[in-house]
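The values are calculated or read from the model by the stated rules, or taken from the named source; none is laboratory data. Keep in mind that what you see is a predicted model, and the values were worked out from it rather than measured. With ideal geometry, Cβ positions are generated from the backbone for all residues, glycine too; neighbour counts draw on all protein chains shown.
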Amino acid sequence: MLEEQPEFRVVGEASNGLEALWHAKDLQPEIILMDIDLPGLDGLEAARRIRTLSAHSKIMFISENDSVETAQNAFRAGAVGYIIKSDASSELVLALHEIVAGKRYVSRQFARHKFSD
């Protein structure tokens, strides 16, 4: 889906949390899309570590997990966005634009909840 968007360029992909750390350190991407449930090192711990390796990178989680508590934990780990996978096809591009503009983004399912760091 992102390859169809001329304003975004995919610079790397990782299959687990440790690979995500290496790519974040080496590539220093503007935005990192990550899942919560990653093999080896989970997405939350990877996000915490990425905050020190690539401090300017903005982390957005895309997860099947629709728990408010998990989304809150993602923001505490340093995320600026959280989308439920079932909402990604309709919300991902909007979310990325919001994040690039310096805003936070949460799936519409979470719109009535407040999230803090």
Identify the residue in the range 1-21 that is assigned to a loop (DSSP other than H, G, I, E, B) and of a type in the set (Asp, Glu) and, among all such residues, is modelled with the lowest pLDDT. GLU7
How many of the residues in the range 17-38 are of a type in the set (A, V, I, L, M, F, W, C) and closer than 14 Å to LYS58 by Cα? 8
Take the residues in the range 23-51 that are hydrophobic (A, V, I, L, M, F, W, C) and assigned to a loop (DSSP other than H, G, I, E, B); name whichever of them is surrounded by the fewest Cβ atoms within 10 Å (Cβ to Cβ). LEU41
Of the residues that sit in the range 52-77 and are in a loop (DSSP other than H, G, I, E, B) and without any contact (Cβ under 8 Å) to a residue 24 or more places away in the chain, which one is farthest from HIS23 (Cα to Cα)? SER67
